[in-house]
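*Asks:* My questions will all concern the structure given below.
The values are calculated or read from the model by the stated rules, or taken from the named source; none is laboratory data. Note that the structure is a prediction, hence the values are computed from the model and not measured. FYI the Cβ positions are ideal-geometry reconstructions off the backbone, even for glycines, and counts take in every protein chain you see.
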Amino acid sequence: MSTAHPPQPSPVDTRPMLLLHRCMRHELRLSPGAVRRAVGGDAATLVADHLDFLVAFVRHHHEIEDEFLWPVLRTRLDDYQYRIVDLMDSQHESMSALLDSIASSTTAWRQAPGASRRDATAALLDELYPLVVEHLDAEEQRLLPIAQQSMNAAEWDRIGDEGFRRSPKRYRSLALGMFDHYGDPEVVATMTAAIPRPIRPLVMARSRRVFRRRAQRIHGTATP
């Protein structure tokens, strides 16, 4: 009689999600100061472009969760856990409205740089940051443990795969450089495994340059 054990499901690796969260926390914490330091049309355009990237990054992350995480969890949870997903969903809705306001304010500031529009944009970012931190903390402490218990690795990995596939191509180098800067090398290697091995070093070297150049111009340092 065989004594072999049946194969066990692969564990869910939430580390890439945690890295995305770390990037959001750091970049959104720095963004109001970057706006307030931007004086003049060229500086406003540069920082406004960076805000466009950050808004798109947060929106994209939320949209992928809305489509590929919440629906899977809702089919498997008890009433208490279901309410946690509802909380995450409602927080996304609240932040979406504020992201709309930031996008509009950023556009207005880019078109007509001036102190009042600059300060209005910075104030909206001040408002967004604690909401994002509250949401990410709750997601990490309450939602991700549930996902680890309720999902298999293939379902979880699909979230990352779709996130990369649907990410705006114009932002990919900047995003990869950001991941590399804020992330553990092992986690970054996991996230970039889909890049063909022969070109991966070139892709990552270019991404590091893109991020460092952007950080130097926005934050005054290549290592914010």
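*Asks:* Suppose the filter is surrounded by 19 or more Cβ atoms within 10 Å (Cβ to Cβ), farther than 30 Å from Asp79 by Cβ and not basic (Lys, Arg); does Leu143 pass it? Give the derivation first.
*Replies:* Details: surrounded by 19 or more Cβ atoms within 10 Å (Cβ to Cβ): yes; farther than 30 Å from Asp79 by Cβ: no; not basic (Lys, Arg): yes.
Taking the combined requirement at face value, the residue does not satisfy it.
*Asks:* Across segment 129-140, what is the total count of residues that are crowded, with 18+ Cβ neighbours inside 10 Å and farther than 20 Å from Gly33 by Cα?
*Replies:* So the count comes out to 3.
*Asks:* All but one of (1) in contact (Cβ under 8 Å) with a residue 60 or more places away in the chain; (2) surrounded by 15 or more Cβ atoms within 10 Å (Cβ to Cβ); (3) assigned to a helix (DSSP H, G or I) hold for His26, so report the exception by its number.
*Replies:* The one condition His26 does not meet is (2).
*Asks:* While we're on this one: Please tell me if Asp126 is in contact (Cβ under 8 Å) with a residue 12 or more places away in the chain and assigned to a helix (DSSP H, G or I).
*Replies:* yes
*Asks:* Being of a type in the set (Gly, Ala, Ser) and in a helix (DSSP H, G or I) is the filter; apply it to segment 30-72 and report the residue that is surrounded by the most Cβ atoms within 10 Å (Cβ to Cβ). Break it down into steps so the answer makes sense when it comes.
*Replies:* Applying the first criterion (of a type in the set (Gly, Ala, Ser)) to segment 30-72 yields 31, 33-34, 38, 40-41, 43-44, 48, 56.
Retained after the next criterion (residues that are in a helix (DSSP H, G or I)): 31, 33-34, 41, 43-44, 48, 56.
Numbers: Ser31: 24, Gly33: 15, Ala34: 22, Gly41: 13, Ala43: 17, Ala44: 22, Ala48: 22, Ala56: 17.
This residue is Ser31.
*Asks:* Further question on the same structure: Please verify whether segment 183-202 includes one or more residues that are of a type in the set (Asp, Glu) and surrounded by 19 or more Cβ atoms within 10 Å (Cβ to Cβ).
*Replies:* First, pick out the residues of segment 183-202 that are of a type in the set (Asp, Glu): 184, 186.
Those still in the list that are surrounded by 19 or more Cβ atoms within 10 Å (Cβ to Cβ) too: none.
No: segment 183-202 contains no residue that is of a type in the set (Asp, Glu) and surrounded by 19 or more Cβ atoms within 10 Å (Cβ to Cβ).
*Asks:* While we're here: Kindly provide the set of residues from segment 146-163 that are part of a loop (DSSP other than H, G, I, E, B) and either under 14 Å from Ile64 (Cβ atoms) or among the aliphatic types (A, V, I, L, M) (or both), ordered by number. Let's see the steps before the verdict.
*Replies:* Our first condition is that a residue be part of a loop (DSSP other than H, G, I, E, B); within segment 146-163, this holds for 151-152.
Residue satisfying the conditions is Met151 alone.
*Asks:* So, one more: Considering segment 108-122 alone, what residues qualify as being in a helix (DSSP H, G or I) and over 21 Å from the mean Cα position of the chain (by Cα)?
*Replies:* Selection gives Ala108, Trp109, Arg110, Gln111, Ala115, Ser116, Arg117, Arg118, Asp119, Ala120.
*Asks:* Quick one: in segment 1-39, of everything that is small (Gly, Ala, Ser) and modelled with pLDDT of 95 or more, which residue is farthest from Leu98 (Cα to Cα)?
*Replies:* Ala38
*Asks:* Still on this structure, I have one more. Going residue by residue through segment 40-59, is there one that turns out to be out of contact with any strand residue (DSSP E or B) (no Cβ under 9 Å at 6 or more places or on another chain), under 18 Å from Glu140 (Cα atoms) and touching a residue at least 60 places away in the same chain (Cβ under 8 Å)?
*Replies:* Yes: one or more hits.
*Asks:* Can you name the residue in segment 164-190 that is touching a Leu at 6+ places or on another chain (Cβ under 7 Å) and assigned to a helix (DSSP H, G or I) and is also farthest from Arg59 (Cα to Cα) among such residues? Talk me through it step by step, then tell me what you get.
*Replies:* Of segment 164-190, the ones touching a Leu at 6+ places or on another chain (Cβ under 7 Å) are 179, 182-183, 187.
The next check asks that each one be assigned to a helix (DSSP H, G or I); those that pass are 179, 182, 187.
Details: Phe179: 17, Tyr182: 20, Val187: 22 Å.
Filtering segment 164-190 for residues that are touching a Leu at 6+ places or on another chain (Cβ under 7 Å) and assigned to a helix (DSSP H, G or I), the one farthest from Arg59 (Cα to Cα) comes out as Val187.
Table: residues versus (1) among the polar types (S, T, N, Q); (2) more than 14 Å from Pro32 (Cα to Cα).
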| site | (1), (2) |
| --- | --- |
| Val55 | no, no |
| Leu69 | no, yes |
| Thr75 | yes, yes |
| Asp89 | no, yes |
| Ala112 | no, yes |
| Ala122 | no, no |
| Glu127 | no, no |
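*Asks:* Further question on the same structure: Only one residue in Arg214, Arg208 is surrounded by fewer than 19 Cβ atoms within 10 Å (Cβ to Cβ), part of a helix (DSSP H, G or I) and among the basic types (Lys, Arg), so which one is that?
*Replies:* Residue meeting the stated conditions: Arg208.
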